[in-house]
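Some notes on the structure that comes next.
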Amino acid sequence: MGNHLYKKIFYILPLILFCTTFFICQDVLPQRSKPKEYQVKAAFIYNFVKFIEWPDELFKDSTTVTFCIIGDDPFVSEIDTIQGQSVKGKVLEVTRINSIDKAKNCHLLFISSSERKNITYILKEIKNLSVLTIGDTEGFAQQGVIINFFIEENKIRFEINTDAANCAKIQISSKLLKLARIVGEGTK
């Protein structure tokens, strides 16, 4: 009986930590004690990985989870907080890329708003790859980005395009889906 309780706690603890971060740190009003917008987004991205399942063959020879940024880097140094962190037994590696051709080595791809004109091309080029695409530009989720941040009532929120996730063969935990605004499957 005691072992069962420990297993439940071990399973639920990451969700509790994620929800705590979500509800406490999401206010983006500039205040001395509150984190900056992209610090919060970096924390979200780190926690997203815990609730995402990629196809097994994607990680068979890899010791890292590669998070790429294409376009202008809005994170600047805020993303350094997750660089080198351990997640799912792998090390999170942050890299900036200047060409979509380099995305084949990415597990997560943040598409900057500076790439708005190229979004259709970018998504077409990685269509057959299991890359978790992330953005923070209005309309990106409707165009096929899997997770897109938006600000509502001065808080950072996110939407998930479930159709795009299915096409990329990426499974998203129902726990994460409950926190998101769903775009795609059943929302048309």
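Just checking, does the stretch 147-164 include any residue being free of Cβ contacts under 8 Å to residues at least 60 places away in the same chain, surrounded by 15 or more Cβ atoms within 10 Å (Cβ to Cβ) and hydroxyl-bearing (Ser, Thr, Tyr)? Reasoning before the result, please.
The first filter runs over the stretch 147-164 and keeps only residues free of Cβ contacts under 8 Å to residues at least 60 places away in the same chain, leaving 148, 150, 152-153, 159-164.
Okay, now just the ones that are also surrounded by 15 or more Cβ atoms within 10 Å (Cβ to Cβ), so 148, 150, 159-164.
Retained after the next criterion (residues that are hydroxyl-bearing (Ser, Thr, Tyr)): 162.
So far as the stretch 147-164 goes, yes, one or more of its residues are free of Cβ contacts under 8 Å to residues at least 60 places away in the same chain, surrounded by 15 or more Cβ atoms within 10 Å (Cβ to Cβ) and hydroxyl-bearing (Ser, Thr, Tyr).
Scanning the stretch 138-174 for residues that are over 14 Å from the mean Cα position of the chain (by Cα) and either in a strand (DSSP E or B) or of a type outside the set (Gly, Ala, Ser) (or both) yields 138, 142, 143, 151, 152, 153, 154, 155, 163, 166, 167, 169.
Say we look at the stretch 175-186 and pick out the residues that are outside any helix (DSSP H, G or I) and out of contact with any Asp or Glu (no Cβ under 9 Å at 6 or more places or on another chain); which of these is surrounded by the most Cβ atoms within 10 Å (Cβ to Cβ)? Please lay out each step first, then the result.
So the first thing to find is which residues in the stretch 175-186 are outside any helix (DSSP H, G or I), and the list is 178-186.
Going one step further and asking which of them are out of contact with any Asp or Glu (no Cβ under 9 Å at 6 or more places or on another chain), we end up with 178-179, 186.
Details: 178: 10, 179: 17, 186: 7.
Selected residue: 179.
Return a yes/no flag: does the stretch 119-127 have any residue that is under 23 Å from residue 43 (Cβ atoms) and hydroxyl-bearing (Ser, Thr, Tyr). Before you say what the answer is, go through the steps one by one.
Within the stretch 119-127, the subset under 23 Å from residue 43 (Cβ atoms) is none.
Among the residues of the stretch 119-127, not one is under 23 Å from residue 43 (Cβ atoms) and hydroxyl-bearing (Ser, Thr, Tyr), which makes the answer no.
Checked against (1) hydrophobic (A, V, I, L, M, F, W, C); (2) more than 13 Å from the chain's Cα centre (by Cα); (3) farther than 17 Å from residue 126 by Cα, residue 70 passes all but a single condition, namely (3). Scanning the stretch 36-76 for residues that are among the β-branched types (Val, Ile, Thr) and in contact with a helix residue (DSSP H, G or I) (Cβ under 9 Å, 6 or more places away or on another chain) gives 40, 45, 52, 65, 66, 69, 70, 76.
Collect the residues in the stretch 36-78 that are polar (S, T, N, Q) and either open to solvent by 40 Å² or more (accessible area, probe 1.4 Å) or more than 19 Å from residue 160 (Cβ to Cβ) (or both), keeping them in residue-number order. I'd like the intermediate steps shown before the answer.
As a first pass, look at the stretch 36-78 and keep what is polar (S, T, N, Q): 39, 47, 62-64, 66, 77.
Answer for the stretch 36-78, where residues must be polar (S, T, N, Q) and either open to solvent by 40 Å² or more (accessible area, probe 1.4 Å) or more than 19 Å from residue 160 (Cβ to Cβ) (or both): 39, 62, 63, 64, 66, 77.
Looking for something part of a loop (DSSP other than H, G, I, E, B), surrounded by 15 or more Cβ atoms within 10 Å (Cβ to Cβ) and of a type in the set (Val, Ile, Thr) - is there at least one such residue anywhere in the stretch 79-102? Taking every residue of the stretch 79-102 in turn, at least one turns out to be part of a loop (DSSP other than H, G, I, E, B), surrounded by 15 or more Cβ atoms within 10 Å (Cβ to Cβ) and of a type in the set (Val, Ile, Thr).
Would it be correct to say that residue 129 is in a loop (DSSP other than H, G, I, E, B) and surrounded by 14 or more Cβ atoms within 10 Å (Cβ to Cβ)? It would help to see each step written out before you state the result.
On the way: in a loop (DSSP other than H, G, I, E, B): yes; surrounded by 14 or more Cβ atoms within 10 Å (Cβ to Cβ): yes.
So residue 129 fits the description; yes.
Looking at the stretch 131-147, can you tell me whether even one residue there is aliphatic (A, V, I, L, M) and at pLDDT below 95? Within the stretch 131-147, none of the residues are aliphatic (A, V, I, L, M) and at pLDDT below 95.
The values are calculated or read from the model by the stated rules, or taken from the named source; none is laboratory data. It should be emphasised that the depicted structure is a prediction, and the values quoted were computed from it without experimental measurement. Reconstructed Cβ throughout: ideal geometry from the backbone, glycine too, with neighbour counts over all protein chains shown. Just the protein is used for accessible areas: all its heavy atoms, side chains included, with ligands, DNA and RNA removed. Shrake-Rupley method; radii C 1.70, N 1.55, O 1.52, S 1.80 Å.
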